[in-house]
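All remarks here apply to the structure that follows.
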Amino acid sequence: MAEITLDKVVKKYGGLDVVHGIDLQIAHEEFVVLVGPSGCGKSTTLRMIAGLEDISGGLVKIGDRVVNDLPPRKRNISMVFQNYALYPHMNVRENLGFGLKIAGEATASIVKRVDEAAEILGLTPLLDRTPAELSGGQRQRVAMGRAIVRRPDVFLFDEPLSNLDAKLRGQMRAEIKKLHQKVRTTVVYVTHDQVEAMTLADRIVVMRDGRIEQVGSPMDVFNHPRTTFVATFIGSPPMNLLPATISGGAVRLADGTAVPIPDRLSDRVHEGRRVTLGIRPDDISPVGHGLSQDGPGAEVEMEVELAEPLGMESLIYTRLAGQEVQAKLYGPRLVQPGERLSFRMALDRAHLFDAETGRSVRED
Amino acid sequence: MPFWRRESAIPYLLLLPALAIMALVVAFPLIFSLYTSFTGYRLVRPDSLYDWVGLRNYSRILQDYDFWVAFGRTVLFLTVVLNVEFLLGLGIALLINRITWGQRTLRTIMMFPMMFSPILVGFQFKFMFNDNIGIVNNALQSLGLSDGAIAWLVDGKLAFFSIAFAEVWMSTSVFAILLLAGLFAMPRDPLEAAKVDGCNAWQTFRHITLPFLMPFAYIAMAIRSLDVARAYDIVTVMTDGGPAGRTELLWTLIARVGYDNSRMGLANAMAYVSTILSILFTWYFYRKLVAARRYMGGAQ
Ligand SMILES: Nc1ncnc2c1ncn2[C@@H]1O[C@H](COP(=O)(O)OP(=O)(O)OP(=O)(O)O)[C@@H](O)[C@H]1O
Ligand SMILES: [Mg+2]
């Protein structure tokens, strides 16, 4: 059993605080993804769990052991590094078996387990090559193989896919998912790519400036972002945010456009409150080309500034109340810049955030 | 059109001066000395230059007890000195690598011994190891560690030790510098991966750091093996191969045969045999280096 508990974990570099007291519970066999922009402290947090970084304050527990002062080798974890960190002077076979050899495993059993891992990851034909003779994707798989042969309690991944091209990244993402279903181990996975986070995670932890911004299942975080930061970070293209005021029982944008207050939020706001209206591009579409045709909504006329056809859909850049707004057009139709179209905003999934704090009004 | 007027001849014509100089300063002495090794050439009798004796010098060397003792002693000297320098250099490099403050200054200070002429280093240690007035004996006696004067440069084994000591003092920094460069170039990731893979500090060093440093060590060894195999100056100053030939190395012996006994033909034959020794050592380390670099090269 390996649940992980972070209890007010703090990291300081000299006088500089980079992680400000993180509380997090990770269940046994759970796949948790830490996601956030560059420099927010994801790697630092992961490395504190691994034992590669001293913990300046708080407790880290793996299972029921406090591991604050245990060296990495006593934590029964394995880690996949961003640039793989293979041992350059060992061939693939030796790279995979190194941890077992150090642990004093019998040779026959090392051979067996290395072969198994190589089989799972399709590395069997490459066993005698050195890392220098492998492609990026192959090195990445060796790094993963090295992590799984040891059958650790916890897998730690630090942006393992960020050095791969888009296609390979997609493939490897699927393989990691499958791998987790096969080996069922607790996983902590760091990425700044929200697509990876959404697709892999049982639970997403969104981080910002050394703090946890929101924790929840991918759908929960996507559908109910607690702050404007999460709202724009999760989901691509990002959610549109429009400053507005509640006035006359409606959400009034800067240019006076009135949008009805979404029903489920109507008891959360009072007249005169300054808010930010959040609405995803998927929910703004030219009339007749949207995902949902009924439900509460509002129609506005906007001019197309740019249209990017993506195949089944087009991304449309337009402007509303002086702000750039991204919208989506579903169904085949060519749109030209300069065209004025009537757009429908579907409001059943719209969000309202407090203008000052950026927190969702559902939170007060 | 004659050959030298053709366009295709131009590169060769341009190379000609360089080739001529090379021939004059490298090829000619090489061939000349090789030739003399087949003659009974004596410096005091110039006409003996034409005294072709075939392989007699070489066959004489094969049976020459003194030569083979010097040969063996040189190999021993090389082995001892290179290993000690490697271990000390590694230690120094690891320590300096740890230091965060004043590292540059220390790196510079570390190189001081290399800045002295070997002759001066020889004189310095000759003085320090002198049995009557030397500082080493003085210190040992003052500390009560020895009661008599130890004959550092007279006893065969001690003299060998003293010379090796001087050599090590002078050149350990070659290893230290190169290994330190290796440590600076060392990627941090594999070290961390090893820690996570279950290595303690010693295992990490043994399985990750050391293999990474070995190419740097081989470079240092290749350089130093050439240096040490031709050791002459320090030995000449400190003991002059004596007493009674007990610290005779190849080149002190060769110089004695060639200049003191003026048997240049024989000396040249010895020199050729010793050169082979140097080449073997260098080739060996070079092979090691190439093998080690094969995996280090393109990795990551
Ligand atoms: N050794 C260090 N000394 C001082 N500050 C550091 C050190 N290592 C990291 N930091 C700082 O800590 C903060 C968090 O770094 P961290 O590596 O955890 O970011 P990250 O979230 O992993 O970002 P990325 O996505 O770019 O990898 C950064 O602001 C960084 O500048
Ligand atoms: Mg990082």
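The values are calculated or read from the model by the stated rules, or taken from the named source; none is laboratory data. Bear in mind the structure is a predicted one, so any value in this text is a computation, not a measurement. Cβ sites come from the backbone with ideal geometry, for glycine too, and all protein chains shown count toward neighbours. What goes into the accessible areas is simple: the full protein's heavy atoms, side chains included, and nothing from ligands, DNA or RNA. Shrake-Rupley method; radii C 1.70, N 1.55, O 1.52, S 1.80 Å.
Under 10 Å, Cα contacts only: if you run a Gaussian network model on chain A, which one of A:Asp158, A:Asp23, A:Asp263 comes out with the highest mean-square fluctuation?
Greatest mean-square fluctuation among the candidates belongs to A:Asp263.
Between chains A and B, what is the buried accessible area summed over both chains (1.4 Å probe, protein heavy atoms, nearest 100 Å²)?
What A and B bury together is about 2100 Å².
Give, as a single signed number, the net charge of other residues whose beta carbon lies under 10 Å from the beta carbon of B:Phe160, with Lys and Arg counted +1 and Asp and Glu -1.
Result for the local shell: +2.
With unit charges on the beta carbons (Lys and Arg positive, Asp and Glu negative) and the dipole taken about the Cα centre of region A:240-363, which residue among A:Val304, A:Leu265, A:Ala244 sits farthest to the positive side?
The residue sitting most towards the positive pole is A:Leu265.
May I ask you to derive the FRET efficiency for A:Asp348 and A:Ser236 from their Cβ-Cβ distance with R0 = 22 Å, giving the value to the nearest 0.05?
So the FRET efficiency works out to roughly 0.60.
Starting from region B:187-276, pick out the trypsin sites (Lys or Arg not before Pro) whose DSSP state is loop and whose Cβ has at most 12 other Cβ atoms within 10 Å.
Answer by residue number: B:Arg188.
Rounded to the nearest 5, what is the percent of antiparallel bridges among the DSSP beta bridges in region A:4-233?
55 percent
List the lysines whose alpha-carbon lies under 20 Å from that of A:Lys178, not counting same-chain residues fewer than 8 positions away?
Within reach: A:Lys167.
Give, ordered by residue number, each residue of region A:147-163 whose 1.4 Å probe accessible area is reduced by a minimum of 20 Å² on adding the remaining protein chains to the chain alone.
In region A:147-163, residues shielded by partner chains: A:Arg150.
Summarise the accessible area of region B:33-81 (1.4 Å probe, protein heavy atoms) by the percent that is carbon and sulfur.
Result for region B:33-81: 64 percent of the exposed heavy-atom area is carbon or sulfur.
Please give me the summed charge of the neighbours of B:Arg256: other residues whose Cβ is under 12 Å from its Cβ, Lys and Arg +1, Asp and Glu -1.
Value of the local net charge: -3.
Run the numbers for B:Leu55 and B:Leu143: contour at 0.36 nm per residue of separation, minus the present Cα-Cα distance, in nm.
Extending this stretch completely gives an extra 26.0 nm.
How much FRET efficiency would the formula 1/(1 + (r/R0)^6) give for A:Glu133 and A:Asp54, where r is the Cβ-Cβ distance and R0 is 30 Å, rounded to 0.05?
0.25
I'm a student and want to see the number: the projected area of the Cα convex hull of region A:4-233, averaged over all directions, in nm².
12.7 nm²
GNM on chain B, C-alpha springs below 10 Å: top fluctuator among B:Trp101, B:Trp169, B:Trp68?
Maximum among the listed residues: B:Trp101.
Counting only heavy atoms of protein chains, what accessible area per residue, in Å², does region A:240-363 have with a probe of 1.4 Å?
It amounts to 47 Å² per residue over region A:240-363.
Between B:Ser8 and A:Leu334, what's the calculated FRET efficiency when r is the beta-carbon distance and R0 is 51 Å? Round to 0.05.
Calculated transfer efficiency: 0.20.
With the solvent-accessible surface defined on protein heavy atoms using a 1.4 Å probe, which residues belonging to region A:20-54 display a reduction of at least 20 Å² in accessible area in the multichain context relative to the isolated chain?
A:Arg47, A:Leu52
Which percentage, to the nearest 5, of the DSSP beta bridges contained in the protein assembly as shown is antiparallel?
80 percent
Among A:Gln181, A:Ile148, A:Ala106, which residue has its Cα positioned farthest towards the positive end of the charge dipole of region A:101-260, with +1 placed on the Cβ of Lys and Arg, -1 on the Cβ of Asp and Glu, and the dipole taken about the Cα centre?
A:Ala106
Hey, any idea what % of region B:209-293's accessible area is carbon plus sulfur with a 1.4 Å probe?
On region B:209-293, the fraction of accessible area on carbon and sulfur atoms equals 64 percent.
Rounding to the nearest 20 debye, state how big the charge dipole of region B:63-296 is about its Cα centre with +1 on each Lys and Arg Cβ and -1 on each Asp and Glu Cβ.
Approximately 800 debye in magnitude.
Of the heavy-atom accessible surface of chain A (probe 1.4 angstrom), what whole percent is carbon and sulfur?
49 percent
Using a 7 Å offset from Cα along Cα-Cβ at B:Leu34, what residues in region B:245-272 end up with backbone N under 19 Å from the label point?
Residues B:265-272 fall inside that zone.
Which listed residue (B:Ile135, A:Gln293, A:Leu127) has the Cα farthest towards the positive end of the charge dipole for the protein assembly as shown, taking +1 on Lys and Arg C-beta and -1 on Asp and Glu C-beta about the Cα centre?
The Cα lying farthest towards the positive end belongs to B:Ile135.
With only Lys, Arg, Asp and Glu charged, each at its Cβ (+1 for the first two, -1 for the last two), find how big the charge dipole of region A:147-272 is about the Cα centre; round to the nearest 20 debye.
Result for region A:147-272 is approximately 560 debye, rounded to the nearest 20.
Can you give the average number of partner chain beta-carbon atoms within 10 Å of each beta-carbon in peptide B:183-194, as a whole number?
5
With +1 on the Cβ of every Lys and Arg and -1 on the Cβ of every Asp and Glu, and nothing else charged, how large is the dipole of region B:1-143 about its Cα centre, in debye rounded to the nearest 20?
So the dipole magnitude of region B:1-143 works out to roughly 340 debye.
Take peptide A:102-108, look around each residue's Cβ out to 10 angstrom, count Cβ atoms belonging to other protein chains, and average those counts.
Averaged over the peptide's residues, the number is 2.
Using a 1.4 angstrom probe, figure out how much accessible area region A:46-109 has per residue, in square angstrom, rounded to the nearest whole.
40 Å²
Summing +1 for each Lys or Arg and -1 for each Asp or Glu, what net charge is found among the other residues whose Cβ lies under 15 Å from the Cβ of A:Ala108?
Summing Lys and Arg as +1 and Asp and Glu as -1 gives +1.
With the other protein chains left in place, how much accessible area per residue, in square angstrom, belongs to chain B at a 1.4 angstrom probe?
The answer is 56 Å² per residue.
Please give the average number of partner chain Cβ atoms lying within 10 Å of the Cβ of each residue in A:86-94, rounded to a whole number.
5
Hey, for a label at B:Asn132 modelled as a point 7 Å past Cα toward Cβ, could you say which residues of region B:156-175 have their backbone N under 15 Å away?
From region B:156-175, the list is empty.
Which residue, B:Tyr284, B:Tyr259, B:Tyr12, tops the fluctuation ranking in a GNM of chain B built on C-alpha contacts under 10 Å?
B:Tyr12
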